[in-house]
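Q: The structure's right below; bear with me while I get my questions together.
The values are calculated or read from the model by the stated rules, or taken from the named source; none is laboratory data. All figures in this text were calculated on a predicted structure; none of them were measured in a lab. SASA here: full protein model, heavy atoms, side chains in, ligands and nucleic acids out. Shrake-Rupley method; radii C 1.70, N 1.55, O 1.52, S 1.80 Å.
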Amino acid sequence: MTGARPRLGFVGIGLMGEAMTRRLLERGWAVTVWNQEPERLDTVIPYGAVAAASPAAVADSSDIVLMCVLHTEAVRRCVFEPDGIAAARNKPRIVIDLSTADPEATREMALRLRTETGAGWVDAPVSGGPGAARQGKMTIMAGGEPEDIEAIRPIMDDLAANFTPMGPVGAGQTTKIINQAIVGTGYVLMAEAVVLAEAAGIAAERLPECLAGGAADSVLLQTIYRQMKARDFATPKGYARQLLKDLKAVVDFERTAGLSLPIVETACDRYAAYVGKGNEMEDSASIVRLYEGKGS
């Protein structure tokens with residue numbers, strides 16, 4: 001890799017994977033891609049991505065492989081199945097896991113991958129959504145060895161406005177859990193703020209403007225509240241099933257740590273109720289419908 005730009009692989013072309021892959025292609029990176037549902041590759045092939053038949057085939061053509069898949073077991077399959085990254089003939093130097101996974105499982109997988117192949121592992125879950133990914137404005141929280149962090153920094157500089165090493169492998173996933181506790185409870189709070197403001201008979205659409213600069217102000221108020229107030233969910237920016245999965249991970253983590261966090265647990269229950277009504281693929285912000293009796 002010395003003197004040459006590393007070749008990238010990308011495993012998992014969902015909403016976020018598509019946005020990040022297109023951003024990398026636009027920034028001049030060569031990217032080989034794979035997705036379990038091959039039709040999703042049509043969202044990136046026209047922009048210059050090269051399709052591969054398996055995660056192993058992606059890794060075989062790549063110096064660094066990025067993954068953005070749904071959960072811990074999906075990460076494990078993409079790395080250690082017979083056609084996974086670890087089975088590549090030419091092993092990648094580093095795997096970057098952009099997914100949201102369990103920190104302890106991440107540490108176990110990273111150690112196994114290094115033992116079996118010599119490849120490094122950086123857990124680098126993201127926050128910000130597809131729009132931020134397309135613009136290179138995501139927040140990325142990272143865990144890994146310092147030399148691996150430095151090796152991937154040029155890639156992260158093209159994807160993120162805020163890329164922060166948080167400690168050794170697993171630290172990124174742990175930080176993501178805290179992030180999702182804030183985001184998940186914040187979405188539920190914004191939904192309740194919307195229905196409260198509408199029921200109060202005030203100019204509910206002007207609440208973000210009215211509260212700007214005060215203690216109640218936040219990105220959630222200025223963006224998610226406005227989206228909920230407008231009922232603007234036609235093109236999902238993130239799926240309800242994903243936020244439910246993330247909140248479940250927060251609850252699991254808190255219980256493992258011997259904590260009781262009622263606000264987080266209530267938010268998780270709210271999303272479970274909403275998703276349970278058949279809204280898995282609805283926008284995360286559409287949780288406000290649950291409070292209108294329109295959750296199904």
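Q: Given axes a ≥ b ≥ c from the Cα gyration tensor, I'd like to know whether region 109-163 is rounded (a/c under 1.5), prolate (a/b larger than b/c) or oblate. Can you show the working numbers first?
A: Numbers: a/c = 2.97, a/b = 2.19, b/c = 1.36.
Note, shape of region 109-163 comes out prolate.
Q: Still on this structure: Using DSSP, restrict attention to beta bridges with both residues in the chain and report what percent are antiparallel, rounded to the nearest 5.
A: So the antiparallel bridges amount to about 15 percent of the total.
Q: I've got another one for you. For K137, which lysines qualify as cross-link partners when the Cα separation must be under 23 Å and same-chain residues fewer than eight apart are set aside?
A: By straight Cα distance, K137 reaches K176, K237.
Q: What does the helix-only formula give at 222 nm for the chain: each DSSP H stretch with n ≥ 4 adding -39500 (n - 2.57), the total divided by the residues, and the result rounded to the nearest 500 deg cm²/dmol?
A: Rounded to the nearest 500, it is -14000 deg cm²/dmol.
Q: Something else now. Compute the normalised compactness of the chain: alpha-carbon radius of gyration over 2.2 N^0.38 Å, N being the residue count. Don't jump to the answer; show the numbers that get you there.
A: Working: Rg = 19.8 Å, N = 296, 2.2 N^0.38 = 19.1 Å.
So the Cα radius of gyration is 1.03 times the expected 2.2 N^0.38 Å.
Q: Counting only protein heavy atoms and using a 1.4 Å probe, what share of the accessible area of region 211-296 belongs to carbon plus sulfur, as a whole percent?
A: Of the solvent-accessible surface of region 211-296, carbon and sulfur hold 56 percent.
Q: Over all Cα pairs of region 207-296, how is the pair count split among 5 Å bins, expressed in % and running from 0 up to the last occupied bin?
A: Pair shares across the bins are 3, 14, 20, 20, 19, 15, 8, 2, 0.
Q: Indicate, rounded to the nearest 5 percent, the antiparallel portion of the DSSP beta bridges found entirely in region 120-173.
A: The antiparallel fraction comes to roughly 35 percent.
Q: Starting from the coordinates of the alpha-carbon atoms of region 101-194, obtain the Kirkwood hydrodynamic radius over all distinct pairs and give the value in Å to one decimal.
A: It works out to 14.1 Å.
Q: I would also like to ask the following. Compute the projected area of the convex hull of the Cα atoms of region 1-134, averaged over all viewing directions, and report it in nm² to one decimal place.
A: Numbers: hull surface 29.9 nm².
So the Cα hull casts an average projection of 7.5 nm².
Q: Right, here's the next one. For region 170-255, count all C-alpha to C-alpha pairs, find those more than 23 Å apart, and express that count as a whole percent of the total. Walk me through the numbers before you get to the answer.
A: Values: 1157 of 3655 pairs.
Here the long-distance tail beyond 23 Å is 32 percent of all Cα pairs in region 170-255.
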